[in-house]
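These notes concern the structure reproduced below.
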Amino acid sequence: MAIEDERFYVHHGVDPIGTARALLSDLRAGRVVAGGSTITQQLAKNLYLTPSRTLARKLAELILALKLEATYSKDEILTMYLNDIFFGDSAWGVEAAAEHYFGKPVSNLTLAEAATLAGIIRSPAAYAPTAHPDAARRRRDLVLETMADLGDITREEARRAQAEPLAVAPLATRVARAGYFMDFVAAELRGRYPEIADRLARGGFRVYTTLDLDMQAAAERAVADAFSQGGAPSRPPEPEAALLALDPRTGAILAYVGGRDYAQSRFDRVRLAHRQPGSAFKPFLYATVIADGYPVTSTQLDAPVSFPGASPDAPPFAPENFGGTFSFEPLDIRTALAESTNVVAARWIDVVTPRAVIRTARAMGIESPLEDSIPLALGTSAVTLFELARGYTPLATLGWKAEPFAILRVEDDRGHVLVPDGTFGPHAERVLDPGVAYIVTDVLKSVLDWGTAAGLGIGRPAAGKTGTTDTDAWFVGYTPNLLAAVWVGNDDASPLAGQGATLAAPIWQRFMEEATAALPPLDWTMPEDVVRVAVAPDGLLAAPWQPSREEVFLRGTEPKEMSPMGQASGRGAGGQPATSEPSPAPARCAPPAGPACPPGARSPGRGTRPRRARSSPAPKGPRRRAPPPPAGRSPGRGRP
């Protein structure tokens, strides 16, 4: 009050003495240099009026101030004023300002700290101690001197407070919660409303966003807890991590973690870091395969293979599975994707062509350059976490790509709508056949059931995919109402000790378990163009007495013939149905120096860490082209 309205408890909303003093100062300066408004008048202006300096606005301010004084007590008016006033650095209200600048509640402020906040009110842009410490200190000392002149404090108290250093809280305690998200919001506004973005730092706007604070807290805890072992001097620095969660049906961003510590690094790894996705790219390949009419029971041989180089002088490309092992048997699409078998993925992209996969990935949401080559199947073209999450939304929504967005609407401090609802989202478009999306999702459920991320389920229907390279670990997983993408790696792209299943997937699991606790446990509804059929191990129709599994097919691609195995061995001894007990787990083997592995041997199939490759743009748009091959047979083009 000493610096803003020394006669606050004396006047009745309008201070004639203060107004006359301000008018005299204005006349001497030849321009408006002093407002002469009381605290009550400032509150009336902030609550009900615009900041325009007109005679009509000033008259309305006087009338409203008198009404406020007639309605509320002085203490109530002062409380409303302190809770509403802007203190700079996105801090509204004295409590928020105390926490932001000094890391403590307002009740614990020292005299010097309280005077610093009081001095900010006149001009937050000029007196914020974080940006202008010298000006803030001079303003603080003026407030203390004025208080001593008025007898609010003694001269000795003023001198002691003026001698205190301007001790602003460390950045780690001052950064805004969800700092990466707020930077993203500012960037989105800057792209479409630069006139608003340029004034954000000065305040005066209400930006309504999609962020779910409970989910944001869960995301921050999941990332932090993954790296809470402590820092032994001999241990190398822990990697960075990022997480993006959104509602796949609308694209609304619900949680956004661009790194482990915003105070230490403001580099946003969600939308700015381009890294190789590894096997997390494979769903785009298999969506192309299924859309081309190949049933899930179609197979490719898991054995060494070599493809010509991208140019005549380039060496051949020979993909390897994780650990360098092969099963030397045909693997169907479900097994190959769930176990992330690289050789089979490379054979499939050779069948459907890299250009077709690029068109599918483009339609689903990948915008970064993609290399038109066989290694694309293994995720050798760099993408961002943001676009990878967007690219999975058509799978979670059975065909609809939802553009991620964060801003609902923007108002000024008087409630006038500057950016209306629906401007930034939701925006969605159909990019994938519902049946194709359902089948790929059904296969990706197996990743969590028994594939590369086995044991990392969340107790409800969910699907997802791991990705691993020499330098990056990924997991993108989703339910019908929540999708989350996680990346772990080093900013300098140095080697990473771990895989998608051991580094990224546990972060995803922890976040999803907490974030979905209040959401209904939904499952996907099977589209009309999908059928479930019991198939034998060879992919043909199973007899009732055969070992079998249910498999999903686009209608018309399901097997029509009975398995010869069922016809040949339909009944056991004594005319009883043969047992349907599952076969024991096959043995695993390494690539042989001489003869092939024994029949039935299988490799771990976890996916190799792909080599880096150059990227180039390619045409857009998914396609659907060929009739399916006979179930259980390879649709390859003559390669072994």
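The values are calculated or read from the model by the stated rules, or taken from the named source; none is laboratory data. Everything quoted here is computed from the prediction, not taken from an experiment. Every residue, glycine as well, gets a Cβ built from its backbone with ideal geometry; the counts of neighbours run over all protein chains shown. When the accessible area is computed, the model is the full protein with side chains, heavy atoms only, and any ligands, DNA or RNA have been set aside. Shrake-Rupley method; radii C 1.70, N 1.55, O 1.52, S 1.80 Å.
The table below lists the values:
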quantity	calculated
Qualifying residue in region 475-483 (condition: modelled with pLDDT under 95, of a type outside the set (Phe, Trp, Tyr), open to solvent by less than 40 Å² (accessible area, probe 1.4 Å) and outside any strand (DSSP E or B))	no
Of the criteria (1) surrounded by fewer than 21 Cβ atoms within 10 Å (Cβ to Cβ); (2) farther than 12 Å from Pro295 by Cα; (3) in contact (Cβ under 8 Å) with a residue 12 or more places away in the chain, which one Ala517 fails	(3)
Among the candidates Gly309, Gly323, residue that is over 20 Å from Val476 (Cα atoms), modelled with pLDDT under 95 and assigned to a helix (DSSP H, G or I)	Gly323
Single residue of Glu429, Glu403 found to be of a type in the set (D, E, K, R) and either in contact (Cβ under 8 Å) with a residue 60 or more places away in the chain or on the phi > 0 side of the Ramachandran plot (or both)	Glu403
Test: residue in region 326-336 that is modelled with pLDDT of 95 or more and closer than 17 Å to Leu376 by Cβ	yes
Matching entry among Gly459, Gly422 (being under 30 Å from Arg206 (Cα atoms) and open to solvent by 10 Å² or more (accessible area, probe 1.4 Å))	Gly422
Single residue of region 134-150 satisfying the filter (farther than 20 Å from Phe8 by Cα and of a type in the set (A, V, I, L, M)) that is least open to solvent (accessible area, probe 1.4 Å)	Ala136
Residues satisfying the stated conditions in region 504-550, i.e. among the hydrophobic types (A, V, I, L, M, F, W, C) and part of a strand (DSSP E or B)	Val530, Val531, Val533, Ala534, Val535, Leu541
Odd one out for Asp134 among (1) of a type in the set (D, E, K, R); (2) farther than 26 Å from Ala263 by Cβ; (3) without any contact (Cβ under 8 Å) to a residue 12 or more places away in the chain	(2)
Qualifying residue in region 430-452 (condition: more than 30 Å from Arg190 (Cβ to Cβ), among the hydroxyl-bearing types (Ser, Thr, Tyr) and touching a Lys or Arg at 6+ places or on another chain (Cβ under 8 Å))	yes
Residues of region 78-112 satisfying the condition of being free of Cβ contacts under 8 Å to residues at least 24 places away in the same chain, in contact with a Phe, Trp or Tyr (Cβ under 8 Å, 6 or more places away or on another chain) and surrounded by 19 or more Cβ atoms within 10 Å (Cβ to Cβ)	Ala91, Val94, Ala97
Filter result (closer than 17 Å to Leu378 by Cα and free of Cβ contacts under 8 Å to residues at least 60 places away in the same chain) within region 309-325	Gly309, Pro316, Phe317, Ala318
Selected residue (only one of Pro308, Pro354, Pro319, Pro315 is in contact with a Pro (Cβ under 7 Å, 6 or more places away or on another chain) and either open to solvent by less than 10 Å² (accessible area, probe 1.4 Å) or not hydroxyl-bearing (Ser, Thr, Tyr) (or both))	Pro308
Failed criterion for Gly365 (all others in (1) in contact (Cβ under 8 Å) with a residue 12 or more places away in the chain; (2) surrounded by fewer than 22 Cβ atoms within 10 Å (Cβ to Cβ) hold)	(2)
From Thr441, Thr452, residue being part of a loop (DSSP other than H, G, I, E, B), touching a residue at least 60 places away in the same chain (Cβ under 8 Å) and crowded, with 19+ Cβ neighbours inside 10 Å	Thr452
Number of positions in region 385-400 that are at positive phi and open to solvent by less than 10 Å² (accessible area, probe 1.4 Å)	1
Residues of region 77-110 satisfying the condition of being of a type in the set (Val, Ile, Thr) and outside any helix (DSSP H, G or I)	Ile85, Thr110
Test result for Ala382, open to solvent by 10 Å² or more (accessible area, probe 1.4 Å), modelled with pLDDT of 95 or more and either under 28 Å from Ala186 (Cβ atoms) or not basic (Lys, Arg) (or both)	yes
Candidates Val296, Val223, Val289 - the one that is open to solvent by less than 10 Å² (accessible area, probe 1.4 Å), assigned to a loop (DSSP other than H, G, I, E, B) and under 24 Å from Leu448 (Cα atoms)	Val296
Filtered residue count, region 241-283, keeping only those that are in a strand (DSSP E or B), farther than 23 Å from Phe424 by Cα and open to solvent by 10 Å² or more (accessible area, probe 1.4 Å)	1
Selected residue (criterion: farthest from Glu188 (Cα to Cα)) from residues of region 226-240 that are at pLDDT 85 or above and either open to solvent by 80 Å² or more (accessible area, probe 1.4 Å) or not hydrophobic (A, V, I, L, M, F, W, C) (or both)	Glu238
Test: Trp545 is in contact (Cβ under 8 Å) with a residue 60 or more places away in the chain, of a type in the set (Phe, Trp, Tyr) and buried (at least 16 other Cβ atoms within 10 Å of the Cβ)	no
Residue selected from region 462-474 under the condition β-branched (Val, Ile, Thr) and in a loop (DSSP other than H, G, I, E, B), by the criterion surrounded by the fewest Cβ atoms within 10 Å (Cβ to Cβ)	Thr471
Residue identified as hydrophobic (A, V, I, L, M, F, W, C), part of a loop (DSSP other than H, G, I, E, B) and surrounded by fewer than 23 Cβ atoms within 10 Å (Cβ to Cβ) among Ala126, Ala131	Ala131
